1. So, restricting to strands (runs of 3 or more DSSP E) that lie completely within the range 1-118, which ones have at least 1 residues that are closer than 26 Å to Gly164 by Cβ?
2. Can you tell me which residues in the range 83-96 are surrounded by fewer than 23 Cβ atoms within 10 Å (Cβ to Cβ) and under 20 Å from the mean Cα position of the chain (by Cα)?
3. Six or more apart or on different chains, Cβ under 9 Å: which pairs go from a residue in the range 26-45 that's assigned by TED's automatic domain parsing to the domain that holds Ala60 and closer than 16 Å to Val5 by Cβ to one that's among the acidic types (Asp, Glu) and not in a strand (DSSP E or B)? Could you list them?
4. Just the residues that are farther than 11 Å from His52 by Cα and of a type in the set (Asp, Glu), please, taken from the range 18-41.
5. Out of all the residues in the range 97-118, which are surrounded by 13 or more Cβ atoms within 10 Å (Cβ to Cβ) and either out of contact with any helix residue (DSSP H, G or I) (no Cβ under 7 Å at 6 or more places or on another chain) or of a type in the set (A, V, I, L, M, F, W, C) (or both)?
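The values are calculated or read from the model by the stated rules, or taken from the named source; none is laboratory data. Note that the structure is a prediction, hence the values are computed from the model and not measured. Please note: Cβ atoms are built from the backbone with ideal geometry, for glycine as well, and neighbour counts cover all protein chains shown.
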Amino acid sequence: MRNTVLITGAGSGIGRAAAGRFARDGFDVLLVGRRLDALEATKKGLAGGGTHQVMPLDVADRRAFSAALDSAMEAVPGRILVGVFANAGIGGANAYAQDPADDRWDEIMRANVTGVYVTLQTARPHLLKAPEGRRHAVVTSSVLARFGVPGQTAYVTSKTAVLGLVRSLAVEWGPDGILVNAVCPGWVETAMARDSIRRMAEAQGMSYEACHAQQCAVLPTGRMSQPEEVADFVAWLMSEEQKGITGQGLDLNNGSWMS
C-alpha cells in the first residue's frame, strides 16, 4: 500500500512546504496547481523516494479535477489516498467601490471557496478507500476569517466561508470516518504575504522592510510564521495519532487573534 496525500496550491508557499514534509515522511504526493513549471519545481525538490505526480489544473473545474485524480490514483498500483490538503487560494483586494468593472469578487470566491469545495468532494470517494483512522481533509483558511479588513471583503468572506464548509462536512462525513479541519494562519513568510506587505508599504509611503517590521511588532511573538511550521501542523492533523479533532478552525497566527 502506498499512502498518498493530495495537496492543492503545491507550487509555492505553504503547499510546497507541505509537499516537502509529506514526502520526507514517506508519502506519495499528488501536486495540484495552476502552473506546471511551479509544480515541477516543487516535485524536483522532494526527498524521500516516493512516486510523486504533478496535476496542473484549475481546482474549481469539477470534470478536469475528477478525471485527473482518477488517473493519478490508477497510475501507481496500491496507491491509497489518506489525506487531502485543500490549500490553493488567491489573495488581494477587491475594488468594487473604486470601479465595479475591476472587482475581483467572482475570481476570489471561485478559487477560495468553490475550489476548496470541489477539491474535497473530488477526493472523498478515494478517501473512503483508505483504512479507518487514516481519512483526513484539511483546508487552509486564514486569521482574516476572524475579523474584517477594509478592502479585503472578498478574501475575508471566502476564508470565513470555508470554515462553514469544514463544519458542515465534518458532520456529514464523520460517520464515514473522515476528519475535516481548517488551519487559520496569520502572517506566513510566503510570496503572497510579501506582495501584501509591499502594497501596504506603498500605500503608507514606507519601505518594505519598515512595513514588515511594523507588522511583526504588533504580534505577541514579534515574528511571522514560516511555511514549514504550517506544514508540520498539517502533517500532525493528518497523522494516525490525530483521532478526535474535526470541524475545527485551528489558529496558527503568533497571537494576532486569540479566542
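1. Details: elements: 2-8, 28-33, 53-56, 79-86.
Once the strands (runs of 3 or more DSSP E) in the range 1-118 are filtered for at least 1 residues that are closer than 26 Å to Gly164 by Cβ, what remains is 2-8, 28-33, 79-86.
2. As a first pass, look at the range 83-96 and keep what is surrounded by fewer than 23 Cβ atoms within 10 Å (Cβ to Cβ): 90-96.
Hits for the range 83-96 are Ile90, Gly91, Gly92, Ala93.
3. Leu31/Glu40
4. Matches in the range 18-41: Asp25, Asp37.
5. Going through the range 97-118, the residues surrounded by 13 or more Cβ atoms within 10 Å (Cβ to Cβ) turn out to be 103-105, 107-118.
Across the range 97-118, the qualifying residues are Asp103, Trp105, Glu107, Ile108, Met109, Arg110, Ala111, Val113, Thr114, Gly115, Val116, Val118.
Per-residue answers, yes or no, for (1) of a type in the set (Gly, Ala, Ser); (2) assigned to a helix (DSSP H, G or I); (3) over 21 Å from the mean Cα position of the chain (by Cα); (4) modelled with pLDDT of 95 or more:
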position	(1), (2), (3), (4)
Thr157	no, yes, no, yes
Ala182	yes, no, no, yes
Met206	no, no, yes, no
Ala231	yes, yes, no, yes
Gln242	no, no, no, yes
